[in-house]
Amino acid sequence: MPTMAAARASDCMRSTWRDKFGAKKVGAVKAGVMRPALAAIASLLWSVPPGSAADSVATTAADPVASRTAGLAAARAAMAGPPSGWPRAFADFSGAARDGDANAAYWAGLMVRNGKGTAADTTAAVAWLEQAARGGVPDAMFVLANMLIAGEGGAPDAAAGHAWLQRAAALGQPAALQQLAQGAYEEGAAERADALLKEAAHALKHRTALP
């Protein structure tokens, strides 16, 4: 049974999770882990800080790095806008991803997974997300982990999925930490679950936006 401290941490985590991501949270236990609900993931993925695109436009066009950053900021802003801007956003993300940008690969993977600005293609989504994960993007590791575990975009691969989940958690990805805590509860490891939930709450509180 969970300890009192674990229960308090869990309540705190659920409240924080609901405030950040909306009423729906990660749910549906499968094979000892929690599969992320698309609505919860989408709330995390599509949020773009106001003014980020406008701030980036002020960068110097002569600087190719600054120019690329401004372009991707505009693409992120477009994702939060009307559907008419989504195809251009996907084109910008996928183009930058082909040039090796791991964060752009993450956004491209999310868009193609959800059919936002392009036709939905889970196989392509896995490829983009794996590129992002290998480039060190914790959120990509988390989404990829659950796609692999669920067999989304290919045959289920629980071993690879759990490996990516562990890597995401090691980098402080809050949803990955919460998912591991759920697994620990199911295994009867209340103390480990308690510790993981506290880590998750701390990580969520101090979470920074992806570039």
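Values in this text are rule-based calculations from the coordinates and carry no lab data. Every value quoted in this text rests on a predicted model; they were computed, and no experiment measured them. All Cβ positions, glycine included, derive from the backbone under ideal geometry; neighbour counts span all protein chains shown.
Placing a label point 7 Å from the Cα of Ala189 along the Cα-to-Cβ direction, the residues of segment 142-176 whose backbone N falls under 12 Å of that point are 166.
Selection among Ala125, Val143, Ala203 by position relative to the dipole of segment 122-211 gives Ala203 as farthest towards the positive end (Cβ unit charges, Cα centre).
If the segment from Gln166 to Ala91 were pulled out straight at 0.36 nm per residue, it would be longer than the present Cα-Cα gap by 23.9 nm.
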